[in-house]
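This report refers to the structure that appears directly beneath it.
The values are calculated or read from the model by the stated rules, or taken from the named source; none is laboratory data. Source: prediction; values computed, not measured. Methodologically, a virtual Cβ is constructed for each residue, glycine included, from the backbone with ideal geometry; neighbour enumeration extends over all protein chains shown. Each accessible area value is taken on the protein alone, full model and side chains, heavy atoms only, with ligands, DNA and RNA left out. Shrake-Rupley method; radii C 1.70, N 1.55, O 1.52, S 1.80 Å.
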Amino acid sequence: MAWLEAGTGWPVILLHAFPLNAGMWRPQLEAVPEGWRFIAPDFRGFGATRALDRKMGLPPEDGSQGIDQYAADIGDFMDCLKLDDAVIAGLSMGGYVAFAMYRQAPARFNGLVLADTRPQADTPAGRDGRAAMRERLAREGTRAVADQMLPKLLSPRAHAEDAALVARVRGMIEDAEPPGVDAAIVAMMKRPDSTDDLPRIACATLVLVGEADEITPIADAQAMQAAIPRSTLTVVPGAGHLSNLERPDAFGKTLADFLLARL
Ligand code: MLT
């Protein structure tokens with residue numbers, strides 16, 4: 001796997017959203033709190049991990065792996081970095097992977113951050129939407145995925161006032177390779193419901209949600225937080241689904257406060 005990292009100290013693994021890449025964590029990598037090491041891998045099929053696979057002549061993803069495979073990859077990645085445990089932080093699809101990881105290896109969690117995500121599996125309507133997105137991706141490529149997702153990934157404020165951010169997110173989506181995007185859609189469609197696991201999450205947990213998140217709204221974050229024993233919830237003012245990109249200062253301060261309490 002390829003990854004970005006910054007800082008030295010206790011590790012935090014940052015798991016990216018769909019269909020982005022580790023680059024979405026740049027604002028956090030540029031402001032790592034003292035005593036921490038932020039590590040942001042690209043999931044299989046995405047970003048520099050896919051570029052490495054291509055260099056080594058490995059074929060693109062074929063859609064056969066599920067969300068458990070993405071989680072197992074992170075476990076292998078931690079082994080390679082010789083990390084027994086870490087704070088695991090996932091945003092949206094990154095959160096789905098974190099739930100799967102928690103089922104596989106709870107002892108590796110030195111804390112959990114769940115940002116703009118939800119434990120539920122897809123609804124039947126949600127699965128139909130994903131099937132339609134796969135068809136669009138096959139026909140029109142990642143630009144069509146960007147067209148479809150961008151209105152919901154960022155808040156109306158960001159769309160009106162922050163053309164640079166909109167362009168950055170669009171660029172990450174359009175740069176993704178269709179087989180990796182398709183495989184992730186299939187994995188998300190098939191992912192299990194993690195709701196029953198929430199009361200068993202024993203580590204300290206921070207739940208974050210953008211105030212204007214349309215994909216995983218505040219009510220979902222509140223219900224999720226209420227079910228996790230040692231958890232707190234912070235609403236990121238004014239942010240949409242990609243709350244870490246829209247409000248890096250507020251997101252970063254909440255994350256830093258959570259981490260400082262762990263030291
Ligand atoms: C994400 O941001 O990772 C996606 O919106 C998740 C999803 O489509 O369920």
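Go through the range 140-153 and report how many residues are farther than 14 Å from Glu174 by Cα and away from the ligand (no atom under 11 Å from the Cβ).
So the answer is 1.
What's the total number of residues in the range 171-193 that are in contact with a Leu (Cβ under 8 Å, 6 or more places away or on another chain) and open to solvent by less than 30 Å² (accessible area, probe 1.4 Å)?
Quick first cut of the range 171-193, residues in contact with a Leu (Cβ under 8 Å, 6 or more places away or on another chain) only: 172-173, 176, 178, 181-182, 185.
Now narrow it down to the ones that are open to solvent by less than 30 Å² (accessible area, probe 1.4 Å): 172-173, 176, 181, 185.
Counting residues in the range 171-193 that are in contact with a Leu (Cβ under 8 Å, 6 or more places away or on another chain) and open to solvent by less than 30 Å² (accessible area, probe 1.4 Å) gives 5.
Tell me the residue from Ala187, Ala212 that is among the aliphatic types (A, V, I, L, M) and more than 24 Å from Ala71 (Cβ to Cβ), please. Working first, answer last.
Working: Ala187 fails: more than 24 Å from Ala71 (Cβ to Cβ).
Being among the aliphatic types (A, V, I, L, M) and more than 24 Å from Ala71 (Cβ to Cβ) holds for just one of Ala187, Ala212, which is Ala212.
Tell me which of these Ile185 doesn't satisfy, since it passes every other one: (1) out of contact with any strand residue (DSSP E or B) (no Cβ under 9 Å at 6 or more places or on another chain); (2) not in a helix (DSSP H, G or I).
(2)
Which condition from (1) of a type in the set (Lys, Arg); (2) within 15 Å of the ligand (Cβ to nearest atom); (3) within 21 Å of Arg247 (Cα to Cα) is the one that Lys190 breaks?
(3)
Here is a check on your reading of the model: is Leu150 open to solvent by less than 80 Å² (accessible area, probe 1.4 Å), in contact (Cβ under 8 Å) with a residue 40 or more places away in the chain, under 20 Å from the mean Cα position of the chain (by Cα) and within 22 Å of Leu14 (Cα to Cα)? Talk me through it step by step, then tell me what you get.
Numbers: open to solvent by less than 80 Å² (accessible area, probe 1.4 Å): yes; in contact (Cβ under 8 Å) with a residue 40 or more places away in the chain: no; under 20 Å from the mean Cα position of the chain (by Cα): yes; within 22 Å of Leu14 (Cα to Cα): yes.
Judged against the criteria, Leu150 is not a match.
Applying the selection to the range 194-211, what residues are open to solvent by less than 40 Å² (accessible area, probe 1.4 Å) and either under 25 Å from Met172 (Cβ atoms) or not in a loop (DSSP other than H, G, I, E, B) (or both)?
Asp197, Leu198, Thr205, Leu206, Val207, Leu208, Val209, Gly210
Among the residues of the range 90-110 satisfying the criterion of being more than 10 Å from the ligand (Cβ to nearest atom) and not in a helix (DSSP H, G or I), which is farthest from Pro19 (Cα to Cα)? Let's see the steps before the verdict.
In the first step, residues of the range 90-110 are kept if they are more than 10 Å from the ligand (Cβ to nearest atom); the result is 98-110.
Among the residues that remain, those that are also not in a helix (DSSP H, G or I) are: 105, 109-110.
Values: Ala105: 25, Phe109: 25, Asn110: 27 Å.
That would be Asn110.
Could you look through the range 1-44, keep only residues that are charged (D, E, K, R) and more than 24 Å from Met188 (Cα to Cα), and pick out the one that is modelled with the lowest pLDDT?
Glu34
Of everything in the range 212-224, what is surrounded by 19 or more Cβ atoms within 10 Å (Cβ to Cβ) and under 17 Å from the mean Cα position of the chain (by Cα)? Give them in sequence order.
Asp213, Thr216, Ala221, Met224
Take Gly75 and decide whether it is assigned to a helix (DSSP H, G or I), more than 16 Å from the ligand (Cβ to nearest atom) and open to solvent by less than 30 Å² (accessible area, probe 1.4 Å).
Values: assigned to a helix (DSSP H, G or I): yes; more than 16 Å from the ligand (Cβ to nearest atom): yes; open to solvent by less than 30 Å² (accessible area, probe 1.4 Å): yes.
When the stated conditions are applied, Gly75 passes them.
Filter the range 145-170 for residues that are part of a helix (DSSP H, G or I) and of a type in the set (D, E, K, R) and give the result.
Asp147, Lys152, Arg157, Glu161, Arg168, Arg170
Among all residue pairs at least 6 apart or on different chains, which show Cβ distances below 6 Å where the first residue, located in the range 235-253, is under 16 Å from Asp220 (Cα atoms) and open to solvent by 40 Å² or more (accessible area, probe 1.4 Å) and the second is within 15 Å of the ligand (Cβ to nearest atom) and outside any loop (DSSP other than H, G, I, E, B)?
From the range 235-253, the pairs are Val235/Val209.
Please go through the range 6-31 and pick out each residue that is of a type in the set (Phe, Trp, Tyr) and either open to solvent by 30 Å² or more (accessible area, probe 1.4 Å) or within 11 Å of the ligand (Cβ to nearest atom) (or both).
Step one: filter the range 6-31 for residues of a type in the set (Phe, Trp, Tyr), giving 10, 18, 25.
Result: Trp10, Phe18.
Write out, first by first residue and then by second, each pair whose Cβ atoms fall under 7 Å of each other, whose residues are 6+ apart or on separate chains, and whose first residue, in the range 117-141, is among the polar types (S, T, N, Q) and in a loop (DSSP other than H, G, I, E, B) while the second is within 11 Å of the ligand (Cβ to nearest atom) and open to solvent by 20 Å² or more (accessible area, probe 1.4 Å).
none
Would you pick out the residues in the range 33-44 that are surrounded by fewer than 20 Cβ atoms within 10 Å (Cβ to Cβ) and touching a strand residue (DSSP E or B) at 6+ places or on another chain (Cβ under 8 Å)?
Gly35, Arg37
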